[in-house]
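Nothing in this text is a laboratory measurement; each read-out follows from the coordinates by a stated rule. Here the structure is a predicted model, which means the values were calculated and not measured. FYI the Cβ positions are ideal-geometry reconstructions off the backbone, even for glycines, and counts take in every protein chain you see.
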Amino acid sequence: MPEYDYLIVGSGLFGCVFAHEATRRGMKCLLIDKRNHAGGNVYCDKVEGINVHRYGAHIFHTNDKAVWDFVNSFVDFNRYTNSPVAEYQGKRYNLPFNMNTFYQLWGVKTPQEAKDKLAVEIGLSKVNAPANLEQQALSLVGKDIYEKLIKGYTEKQWGRPASELPAFIIKRLPLRFTYDNNYFNDRYQGIPIGGYNKLTEGLLEGVEVRLNSDYFSDRSKWDNIAEHIVFTGHIDQYYDYRFGHLEYRSLRFEHEVLNMENYQGNAVVNYTEREVPYTRIIEHKHFEFGTQEKTVITREFPDEWTQQKEAYYPINDERNTTIFEKYRALSKQEDKVIFGGRLATYQYYDMHQVIASALKAAKVQFSDNYEITIK
Ligand code: FAD
Ligand code: UDP
């Protein structure tokens, strides 16, 4: 008899939520992670009393009340609203594209004036059926916004021309005719008070965790340790890359402690010119309305991905999608292994989506009527 009911590979939100759900149903779980800490990419370091988002800034937002209540049962969330500012050639603009942005760009004051100006801008670009990100952006917002606020940022972020990128990436950007700088349209939004580690630690209460443990370092040992496996690592690695490697875009973070109280007055400032090598500067204390004496900022540099680097963004182009579909077909045939999370499903998931999918996976696995409980 294996020692555990479930081996969970990866302590990101998918692994943590599944482990929590299995444990409360009386299952004996072992969760492993190859890193020296749990929590996956939402993990924060404490520097100068400030929670520093080590793997990139994370803002929680969702429309799903059940998911919102679920996370709030482990830690209270604050009222942080993401309102990034964009800098282009020394001038600052509000994001997402809204009446503030249109006023800053063109001096228009009313929604009708903004719509008239946008119609002219879009008309000048004459795109009928947008086939790529550049055409999609031109048909949504026209040339001026595209060139000042989208093109440079997008091309450095993805390391390729916007005309070679899929259109769906840009559909994430809302367009609004109100003076509202909220980046998200979701009903619920915030940051865990005291940081994301409180959320993942709460989820892992009562779960046995082993760090610095790579599933691939001793596969047969891990395969035999439990009745079932939940795998949240790289799906191509799981199948020994037999159909080829899946590609990613990586990031490099430069963290800096500054001897001042407030560096940029906002948590997120995007730099949309191609010539500035980073895409954004994060000032972490503003996520939690911090009043510490010092501040910590992070410059985020997009980076070519190699297997030695962190895999952040899947490249959902035709080549990679075709390869992934082959791995997915194999994974469907497994009866002992559940594949979940962003690496095993090769998807750009937001946190609320990962949480919802882990809750669903548990429900399917245990074929029961357990509702999401509020602890
Ligand atoms: P991960 O958090 O990546 O966890 C996977 C874990 O598995 C890791 O700890 C890894 O070490 C471990 N692992 C992998 N392979 C092995 C192995 N072989 N053996 C042992 N352990 C292994 N979402 C939002 O909702 N809002 C945001 O603002 C937001 N910002 C983001 C910013 C950036 C830069 C990025 C990249 C993502 C952002 N996200 C955001 C998405 C969010 O990070 C994910 O939805 C979430 O972290 C995914 O959780 P996961 O469990 O799937 O994966
Ligand atoms: N984007 C842009 N200008 C900006 C911010 C975003 O052109 O100032 C584009 C860019 O292509 C990016 C996409 O919008 O990849 C999605 O942006 P989001 O802020 O949602 O990206 P994430 O935080 O997930 O990296």
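So what is the calculated 222 nm ellipticity per residue for the chain, using -39500 (n - 2.57) for each DSSP H run with n of 4 or more, over all residues, to the nearest 500 deg cm²/dmol? The partial results should precede the final answer.
Values: 12 runs with 118 residues, N = 375.
When only DSSP H runs of four or more count, the value is -9000 deg cm²/dmol.
I'd like the Karplus ³J(HN,Hα) series for the range 114-119: coefficients 6.51, -1.76, 1.60, θ = phi - 60°, whole numbers in Hz, and an x wherever there's a Gly or Pro.
Couplings: 5, 5, 4, 5, 5, 4 Hz.
For R79, R176, which order do you get if you count the other beta carbons within 10 Å of each Cβ and list the fewest first? Intermediate results must be reported in sequence, preceding the final value.
Details: R79 8, R176 18.
In increasing order of surrounding Cβ atoms, one gets R79, R176.
What is the antiparallel percent of DSSP beta bridges lying wholly in the range 1-74, to the nearest 5?
On the way: 4 of 8 bridges.
Restricted to the range 1-74, the bridges split so that about 50 percent are antiparallel.
Provide the percentage of antiparallel DSSP beta bridges, counting only those with both residues in the chain; round to the nearest 5. Mind showing how you got there, number by number?
On the way: 31 of 50 bridges.
Roughly 60 percent of the DSSP beta bridges within the chain come out antiparallel.
What shape does the range 109-205 have by the C-alpha gyration tensor, where a ≥ b ≥ c are the square roots of the eigenvalues, rounded means a/c under 1.5, and otherwise prolate means a/b greater than b/c and oblate the rest? Let's see the in-between values first.
Working: a/c = 3.16, a/b = 1.68, b/c = 1.88.
Because a/c hits 1.5 or more and a/b fails to exceed b/c, the range 109-205 counts as oblate.
Arrange the following residues from fewest to most other Cβ atoms within 10 Å of their Cβ: C16, C44.
Ranking C16, C44 by Cβ neighbours within 10 Å, fewest first, gives C44, C16.
Which trypsin sites (Lys or Arg not before Pro) does the range 122-151 hold that lie in a coil by DSSP with at most 13 other beta carbons within 10 Å?
Values: sites: K126, K143, K148, K151; in loops: K126.
Sparse-neighbourhood loop trypsin sites (Lys or Arg not before Pro): K126.
How much space per residue, in cubic angstrom, does the convex hull of the C-alpha atoms of the range 151-210 take up?
207
Based on the alpha-carbon gyration tensor of the range 1-123 and its eigenvalue square roots a ≥ b ≥ c, which shape applies: rounded if a/c is under 1.5, prolate if not and a/b is larger than b/c, or oblate? Kindly include the intermediate steps, with their values, before the conclusion.
Values: a/c = 3.27, a/b = 2.49, b/c = 1.31.
Verdict is prolate for the range 1-123.
DSSP loop (so not H, G, I, E, B), at most 11 other Cβ within 10 Å: list which GluC sites (Glu not before Pro) in the range 266-307 pass both filters.
Working: sites: E273, E275, E283, E288, E293, E300, E304; in loops: E273, E275, E293.
Within the range 266-307, the qualifying GluC sites (Glu not before Pro) (loop, at most 11 other Cβ atoms within 10 Å) are E275, E293.
Which residue, chosen from S250, A129, I59, occupies the Cα position most advanced towards the positive end of the dipole of the chain, where the dipole is computed from +1 (Lys, Arg) and -1 (Asp, Glu) charges on Cβ about the Cα centre?
Highest projection toward the positive end goes to A129.
State the three equivalent ellipsoid semi-axes of the range 68-166, derived from the C-alpha gyration tensor as the square roots of 5 times its eigenvalues, in descending order and whole Å.
Numbers: eigenvalues 162, 79, 42 Å².
Ellipsoid semi-axes (Å, largest first): 28, 20, 14.
Does the range 1-71 come out rounded, prolate or oblate, given a ≥ b ≥ c as the square roots of the eigenvalues of its C-alpha gyration tensor, rounded meaning a/c under 1.5 and, failing that, prolate meaning a/b above b/c? Before the final figure, lay out each step's value.
Values: a/c = 2.90, a/b = 1.41, b/c = 2.07.
Taking the square roots of the gyration eigenvalues as a ≥ b ≥ c, the range 1-71 is oblate.
Quick check: Cα centre of the range 32-62 to Cα centre of the range 158-225, how many Å?
10
Which trypsin sites (Lys or Arg not before Pro) in the range 244-324 pass both tests, a DSSP loop state and at most 16 other beta-carbon atoms within 10 Å? It would help to have the intermediate numbers written out before the result.
Numbers: sites: R249, R252, R274, R280, K285, K294, R299, K309, R319; in loops: R274, K294, K309.
In loop regions of the range 244-324 (DSSP not H, G, I, E or B), the sparsely surrounded trypsin sites (Lys or Arg not before Pro) are R274, K294, K309.
I'd like the projected area of the chain, averaged over all directions, using the convex hull of its alpha carbons. Report it in nm² with one decimal.
Working: hull surface 79.4 nm².
Computed as one quarter of the Cα hull surface, the answer is 19.9 nm².
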